[in-house]
Amino acid sequence: MARIGPILASLTRWSPVLALVLAWEALARSGIVTPFMLPSFVAVARRIGADTASGELLLNLGQTLYRALAGFGIAAAAGIALGVLVARYRPVRWFFDPLISVGFPMPKIAFLPVIALWLGYQDVSKITMIVFDSIFPVLTATIAGTAGVDKALLWSARSLGVGSRRILWEIVLPAALPEILTGLQVALPIALIVAIIAEMTMGGAGLGGAMMTAMRFADSPGVFAGIVETALAGYGVMQIMALVRRRLLVWHAEVLAPAAA
Amino acid sequence: MGGLARYAPLVILGVLWEAATRAGLVSTLALPPLSDVLRAGWELARSGDLAANAASSLYRAGAGLALAVVVGTALGVAMAWWRPVRLLAAPLVELFYPVPKSALIPVTALWLGFGDGSKILLIVLGCMIPVTLGAFNGARGCEQVLVWSARSMGASRLRVLWDVVLPNALPEILNGVRTALALSFVLLVSSELIVARAGLGYMIGFLGAGGTYDAMFAVVLTVALLGFLADRLYQLLMQRVLAWRE
């Protein structure tokens, strides 16, 4: 009986979403809009059910997540490594600083046809595009985070005779971790957005490719099913990322003091 | 001049590009020499093609962004100021926040076709969320003491909203708009690449499909430059607007 409280609380919290779904269904059935413009929620849910049963959803979801997460993983590793180098070594900073400041605000998606020209239409070019687009927030966050490490910590470690490699792993990176994670949290949705765009322009299945096919055949339940599926995928991935953040920062004040999120 | 010398690495990259293609290290089919790209860009600019397509792209991005800023700010401030609005809208914002915005390209095309309308709607829907979140956080973070003192001096609730809460929220709103600005370019170019008959993104796809790669590279660089310049101009504007703070 004691469990009813939290369930009720989350029900009331999420009731606007339920209301949205009901409004959608009512609008679709009212005849104000054609089923082509807005298929009923039931029809879309039925389509998602059919896609799940046939295994198509799992296949497309797997493709999209594989591309997005592979690109995100490479961007994270390369972005953190390069960010540390830029923050530490002057010549590296001299070379990359202007490139980053020009590259960050640039709409990199415009290079998609160039990358397709160079690498073809397979996964390699999609993943390359995702890396190119999502590396910048990781880079800038790592540079800002490592530059902002408390100097007193570095001095005391050095005066105790700690080597520079250990300083990096045991002081600089942990201290910069909150900012790096924020960068990763910005990069992750970018990776998903770009994965979907790449699939829409280059084909090759995935959630984006499936939506494009549905659009070409004027199959609007298919298009709306795709939106709901990508929305759920995005929500799930972001929730996992937030969980990872809380786990990695157990020691940090941010987690100890419950933030209003 | 010190500011420009900073960009020396970009010049080095440009020289390397030109040298590698002229020396035959890279096939000119895959990467046309920079000088050819610049010449093709000049031709496109002179024929008026570039300006016409750029105007159509900038109109879409500008209209979409302006609507997103107005609606997003209003929604964010309303969410912070009125509890019922917050209870109703917060879960919806939370639900839509992680949606990869590019997923909306097919549906806006289904609704409004391949013209300006679908691009503008896409940009409004995509760019609204960062502005809403900025306005919400900014308006919520407003110091209660300021609100109370304004109220105690007889200012009405609306007056407080306009004179105290909004100026206080401005920095965060402007930050949200900066995110939205970058996002608007991404959504614009990708939707033009996928479904359009005009615009810079359409031009890139069209020239690429026709095999005139030097012109395609010229348009790609134009888009990149426009995005960069828009961000720089916006930052200048932001400093101006926020000059009263310090």
Interface A-B: total buried accessible area (1.4 Å probe, Å², nearest 100) of 4400 Å²
To the nearest 10 Å², what's B:Thr179's accessible area with a 1.4 Å probe? 80 Å²
To the nearest 10 degrees, how steeply does helix A:90-103 sit against the main Cα axis of chain A, on a 0 to 90 scale? 20 degrees
For the stretch A:41-260, what is the relative contact order in percent, using Cα pairs closer than 8 Å and at least 6 residues apart in sequence? 27 percent
Env charge @ A:Trp24, Cβ radius under 15 Å, K,R +1 / D,E -1, value +2
Accessible-area loss of at least 50 Å² in the complex relative to the chain alone (1.4 Å probe) applies, within the stretch B:98-114, to B:Pro98, B:Pro100, B:Ser102, B:Ala103, B:Pro106, B:Leu110, B:Trp111
In percent, how large is the relative contact order of chain B, given Cα pairs closer than 8 Å and 6 or more residues apart? 24 percent
Taking trypsin sites (Lys or Arg not before Pro) as candidate sites, keep only those in a DSSP loop with at most 16 other Cβ atoms within 10 Å, then name the longest stretch of chain B containing none of them. B:7-196
For A:Asp97 and A:Thr182, what does the FRET efficiency come to when R0 = 35 Å and r is the distance between their Cβ atoms, rounded to the nearest 0.05? 0.95
Provide the solvent-accessible area of A:Phe111, counting protein heavy atoms only and rolling a 1.4 Å probe, rounded to the nearest 10 Å². 40 Å²
Sites A:Ala81 and B:Ser27, calculated FRET efficiency, Cβ-Cβ separation with R0 35 Å, nearest 0.05: 0.70
What does the extension gain come out to for A:Thr12 and A:Glu56, with contour length at 0.36 nm per residue minus their alpha carbon separation? 12.5 nm
What's the local net charge at A:Gly222, with K and R +1, D and E -1, over the other residues with C-beta under 11 Å away? -2
Note: probe point = Cα of B:Ala52 + 7 Å toward Cβ; backbone nitrogen < 18 Å; residues of the stretch B:198-230 passing the test are B:198-208, B:210, B:215-216, B:219
Take the Cβ-Cβ distance between A:Ala45 and B:Arg157 as r, set R0 to 45 Å, and report the resulting FRET efficiency rounded to the nearest 0.05. 0.60
Dipole of the stretch A:41-260, positive direction: furthest Cα of A:Ile48, A:Ile193, A:Gly161, with charges on the beta-carbon: A:Gly161
Using the alpha-carbon atoms, what tilt in degrees (0 to 90, nearest 10) does helix A:41-54 show relative to the longest principal axis of chain A? 70 degrees
Computed label-point distance, nm, for sites A:Leu248 and B:Arg83 using a 7 Å Cα→Cβ extension: 3.8 nm
Using only Cα atoms, find the angle between the long axis of helix A:220-248 and the longest principal axis of chain A, and express it within 0 to 90 degrees, rounded to the nearest 10. 30 degrees
Got a number for carbon plus sulfur as a percent of the protein assembly as shown's accessible area, 1.4 Å probe? 70 percent
Net charge (Lys, Arg +1; Asp, Glu -1) of residues whose beta-carbon lies under 15 Å from that of A:Ser134, A:Ser134 excluded, is +3
Which of the lysines could a cross-linker span from A:Lys108 if the Cα-Cα distance has to be under 27 Å and same-chain partners fewer than 8 positions apart are dropped? A:Lys126, B:Lys101, B:Lys119
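The values are calculated or read from the model by the stated rules, or taken from the named source; none is laboratory data. Just so it is clear, the model here is predicted, and its values are computed rather than measured. Please note: Cβ atoms are built from the backbone with ideal geometry, for glycine as well, and neighbour counts cover all protein chains shown. The area values use the complete protein model at the heavy-atom level, side chains included, leaving out ligands, DNA and RNA. Shrake-Rupley method; radii C 1.70, N 1.55, O 1.52, S 1.80 Å.
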